[in-house]
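Note sheet for the following structure.
Every number in this text was worked out from the coordinates using simple rules, so none of it is lab data. Please read these numbers as outputs of a predicted model, since none were measured by experiment. Cβ placement follows ideal geometry from the backbone for every residue including glycine, while neighbour counts extend to all protein chains displayed.
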Number of protein chains: 2
Amino acid sequence: MAKITKVSPLAPKGGFPKLPVIDGVRFSTIAAGVKYAGRTDVMLAEIDAGSAIAGAFTRSSTRSAPVLDCQSKLGRVEDDGKGFAFLVNSGNSNAFTGRVGVEAVNAITNATAKALNLPSSHVYTSSTGVIGEPLPYEKITDALGALSQSLDSNRIEDAARAIMTTDTFPKGSTATCEIGGIEVTVVGIAKGSGMIAPDMATMLVYIFTDAKISQAGLQDMVSRQNEHTFNSITVDSDTSTSDSLLVAATGTSGADVEDNETFERTLGVVMKDLAHQVVRDGEGATKFVEIQVQGAADNGEARKVAMSVANSPLVKTAIAGEDPNWGRIVMAVGKSGAQADRDRLSIWFGDVLVAENGWESPTYVEADAATHMKGEDLLIRVDLGIGAGHSTVWTCDLTHGYIEINADYRS
Amino acid sequence: MAKITKVSPLAPKGGFPKLPVIDGVRFSTIAAGVKYAGRTDVMLAEIDAGSAIAGAFTRSSTRSAPVLDCQSKLGRVEDDGKGFAFLVNSGNSNAFTGRVGVEAVNAITNATAKALNLPSSHVYTSSTGVIGEPLPYEKITDALGALSQSLDSNRIEDAARAIMTTDTFPKGSTATCEIGGIEVTVVGIAKGSGMIAPDMATMLVYIFTDAKISQAGLQDMVSRQNEHTFNSITVDSDTSTSDSLLVAATGTSGADVEDNETFERTLGVVMKDLAHQVVRDGEGATKFVEIQVQGAADNGEARKVAMSVANSPLVKTAIAGEDPNWGRIVMAVGKSGAQADRDRLSIWFGDVLVAENGWESPTYVEADAATHMKGEDLLIRVDLGIGAGHSTVWTCDLTHGYIEINADYRS
C-alpha cells in the first residue's frame, strides 16, 4: 500500500460534512489489524427491523465472495421482525480467494448475526483492498463483541474513515426533502479512489434514509439513479471485483416515498455527490472533468463517446498538462465505435467553441481554452451533430501521482 | 513535442538492421521544416511500374484526409505502365483539418505525380504528428524537386528516420525466403510509439518486396497478417486518426508468390517484428509484455480478455513496478466482458503458475514470479478453462515516462 501523505487537491473544501442522524441506524468501528496498523479498518452498521435494503454491485465476472453473498440475499429476505447489519472491512478484498473466501464470508456474517441477534441472511458484508490473499477473518469475528457494544447513531464519520483504502479523504453527503409535510433525510458514505469505472468501481457506498418504502420500490430507484451516478464515473477504466452499493430505508420518519419522484431525486443528489467525491479522490487526480456528449444517434452511442474520451490516456494526460489539445478529443471520438461524422463534430472546452465543421473554429483563440484548462473543474463538451442522444460522465486527469500509487501498491 | 533524449531501453540491441536493396524501389528524404527544426521530416519512395500495392488503415471514424485518399485509391488503379510513389511527412498529421486538409492532400499528390511523371492516382501520402493544425503543404511541394533528384535504392534507413515523431529509434526489419529456387526479399520500416492500439495505431508502416503477386493476392495476405501483428499490439488503447500500412511488391525477383504460404509467412515475420518494435518504443516503456490467452469460448473472447489485460492501467503500472500482482489480472479478466469462471481461471507469469482453481496456486512462491517480473521481456499467460479460443497480444508497461511525454506533447 503506497503511503498517501497529502489530501487530494480536489477534496471538498469544507472537509467531511456534518451528517444528520438517521433514526434506527447505529455505527461502530475498530482497529482490527486486518492489514493496516494504527487505524480503524472494520465498520459495523446496525439497522432497525422493518427497514428496506436495496443495492447494486460490480458486473465483473470475477467478483468477490462478499459480493456474491450480498447479491444472493438482496430482496429475498422475508419480514421476520429482525433488523439488518452491514459489516465492512478495508485492507483485504477477499476476492479470488476460492473456497476459503466463501468460508470467511460465512464466518463473518454468522458472527455478526450472533452478536446482534439477527439471522445471518440479514447481514451484508463487503471487503476492499488487495485481491487474492486470504482474509484473516478471525481478526474481524474476534472484534464483533467490542463492535456491537460501541454502536452509536452519531458515529457515521468514523465509519467513513474505517472503510478507506488509498482514499485521501473520507466521503460523506446528505440531502433532505419534504414529503407530505414530513422532512425526509438521506445520508451516505463512500470509499474509492482507483480501479473506478462503470459496472461499479472499486467503490463501497452505504446510504441510509428514514424514508418509508418497499424493498422493490427502493431497488428500482437505486438501480435507475445508479446509471447516472456511480455508473457514469471513471478514474482509470478498471473495474473492481468488489464494488458494492447498499441502501437502507428505515421508515422511521413515517414519510411514505413509494414511487415518489421528489425522494428519488433527493436520493440521486446524494449518490451523485458521493460519485463525484470518488472521482475527486481519483488516484493522483488534479482535475475534475465533466464530459458532456450530445447530438449522438442515441443515448447509448453518446455514452460510448463520453466514456471513450473519459478513458483515453492521451486525453487524460493532456488535461494533466493543462493543454487544450482538442485533436486528442477528435481521436477519442473516432475510436469510440459510435457513429460520428468528422465534418459535423463540434467541441468545446468550457464555453470556448474549439472545433466545428471538421476543423478548428474560426472564432477559436487558444489562450481562451488554455485559461479554462488551468481551472480545477473542467468541462469538455462534444456535439456529434447527428441525433438527440446525450450522456454525461465524470473523470479526472492522469498524472505522475497515479503511477506512483499504483506501481507500488503491494510493496 | 516533448524532447526525447534517451533511446528506449527496449530498442533492438543491434541498432537499425542492414536492409537489403529491393530492385525497383528508391528513397529520398529532406528537412522541409514542416514542424521540426534540424532533422529530416519528408520521405519519398519511388516504386517501379508493374508493382502491386496493398494496404491497411485506421478504422477511426475521424480518420485523416491522407488516409481517406489512400483508401480511395487502393486496388482501383489500372495497369497503365506507370510506377507508384509513397510521400510521407512527420510533424503534422493533417487530420481534422476540414476542407483545407483535402486541398493539402491534393496539392501534395499532384506535385509528387508531376515531379515523377506519374498519375496522381498512383501517389499515396501519409502524414503524422499534431492533429487539427493546417499542414503547411507548400514546404513539401517546394521540396519535391530536390527529393526527386536524390532518389537512391540504398536510402531506406534515412527514410525510416524521416518519418519518426516521438519515436526514440528508427524501425527496420527484413526477412527472405526461397520460392521456386529464387530468393525473395521483404524489407520494411515503421514509426510509432504512442496512441497505439488495434484498428491500427499511430503507426506508419512501409513494406517493400521483390516478389511477384497480384494486387488482390497481396491485399489478402496483408489483411490476414495485419490481424496477428499490427492489430494485436497496444500501447495505451488510443487509436490514431492516421495509421497507415502500405506494401509494395515490385515483382523484380521474378518469383511468383500468388497464394504462396511461405511468402505470406515471411511477410508476416517482417510485420510482426515491426509491430513488436513499435511496442518496444512505446512512450515511456521499460517492459515488453506478451499476453497469451487460451481456453476461451472462442478466439474473439480470448482477444477481449487479452486486450482487457493489455490495456488495464492497473496491470500496466504493476508491471512497471515489477510487482507480480496477479489480483489485477483477475480484475482485468473480470471486466473484459468475456465469459469467464473465477474457479476455472489459471494465471502464469512466465513459467510460474500463480493462480488456479479460483485461488493462489499451492505451488506458488512469490519470489519466483518476482524474478520473472524483473526481466525486460515478460510473459503473462491466462487460461480461462472454458473452451479452445486463444489470442496473443503485445503491450508495454505504463510509467512516469508516458506521463512526461504526453502531458507536454504540444508545448
inquiry  = What number does the stretch A:1-139 give for Rg over Rh if you use C-alpha atoms and the Kirkwood radius?
reply    = 0.98
ask   = Going by how many other beta carbons lie within 10 Å of each one, how would you line up A:D323, A:D167, B:D243, B:D80, fewest first?
value = B:D80, A:D323, A:D167, B:D243
request  = Give a quick list of GluC sites (Glu not before Pro) in the stretch A:209-278 that DSSP marks as loop, anything other than H, G, I, E or B, with at most 15 other Cβ atoms within 10 Å.
outcome  = A:E258
query = Considering only DSSP states other than H, G, I, E and B, which trypsin sites (Lys or Arg not before Pro) in the stretch A:4-34 qualify as loop sites with at most 11 other Cβ atoms within 10 Å?
reply = A:K6, A:K13, A:K18
message = What does the net charge come to around B:G50 if you take all other residues with beta carbon closer than 10 Å to its beta carbon, with K and R at +1 and D and E at -1?
response = 0
ask   = Given the Cα atoms of chain B, and with Rh set as the inverse mean 1/r over their pairs in the Kirkwood sense, what is Rg to Rh to two decimals?
value = 1.00
query = Just the Cα atoms of the protein assembly as shown, one point each, no solvent: what log10 I(q)/I(0) does Debye give at q = 0.06 Å⁻¹?
reply = -0.42
key: Burial ordering of B:C396, A:C177, B:C70, fewest other beta-carbon atoms within 10 Å first   = A:C177, B:C70, B:C396
message = Nearest 500 deg cm²/dmol is fine: what mean residue ellipticity at 222 nm does chain B get from its DSSP H runs of n ≥ 4 alone, each adding -39,500 (n - 2.57), divided by its residue count?
response = -9000 deg cm²/dmol
ask   = Who wins for biggest fluctuation among B:S64, B:S361, B:S51 in a Gaussian network model of chain B, springs between alpha carbons below 10 Å?
value = B:S361
note = Taking every other residue with Cβ under 12 Å from the Cβ of A:V205 and scoring Lys and Arg +1, Asp and Glu -1, one gets +1
task = Using just the alpha carbons, could you tell me how many Å³ per residue the convex hull of the stretch B:202-347 encloses?
result = 129
request  = Before anything else, pin down the relative contact order of the stretch B:25-280: Cα pairs under 8 Å, at least 6 apart, normalised by residue count, whole percent.
outcome  = 24
task = May I ask you to list the GluC sites (Glu not before Pro) in the stretch B:350-411 that are in a DSSP loop and have at most 14 other Cβ atoms within 10 Å of their Cβ?
result = B:E376
inquiry  = How charged is the neighbourhood of A:K114? Take every other residue with its Cβ under 15 Å from the Cβ of A:K114, and add Lys/Arg as +1 and Asp/Glu as -1.
reply    = -2
query = In nm, what does the list of distances from A:A146 to its counterparts in the other copies look like, shortest first, when each label sits 7 Å along Cα to Cβ?
reply = 7.8
ask   = Going by alpha carbons, how many degrees (0 to 90, nearest 10) lie between the helix axis of B:299-311 and the longest principal axis of chain B?
value = 90
request  = Give me the Kirkwood hydrodynamic radius of the stretch B:241-321, using the inverse of the mean 1/r over all pairs of distinct Cα atoms, in Å to one decimal.
outcome  = 16.0
request  = Quick one, can you get me the convex hull of the C-alpha atoms of the stretch B:31-93 expressed as volume per residue in Å³?
outcome  = 98
key: Cα gyration tensor category, rounded, prolate or oblate, for the stretch B:288-406 with a/c compared to 1.5   = oblate
task = Evaluate the distance, in nm, between pseudo-label points positioned 7 Å from the Cα of B:R265 and of B:D377 along their respective Cα→Cβ axes.
result = 1.9
ask   = For the stretch A:288-406, what proportion of DSSP beta bridges, expressed in % and rounded to the nearest 5, is antiparallel?
value = 70
message = Defining the label point at 7 Å along Cα→Cβ, can you sort the distances from B:K6 to the same site in each other copy, shortest first, in nm?
response = 2.3
note = Among beta bridges assigned by DSSP with both residues in the protein assembly as shown, the antiparallel ones amount in percent, to the nearest 5, to 70
request  = Report, in whole Å, the centroid distance computed from the Cα atoms of the stretch A:163-189 and the stretch A:82-119.
outcome  = 25
query = Using the 10 angstrom Cβ neighbour count as an exposure proxy, how do A:T229, B:T262 rank, fewest first?
reply = B:T262, A:T229
At 7 Å out from Cα toward Cβ: A:G385 inter-copy label distances (nm, ascending) = 5.3
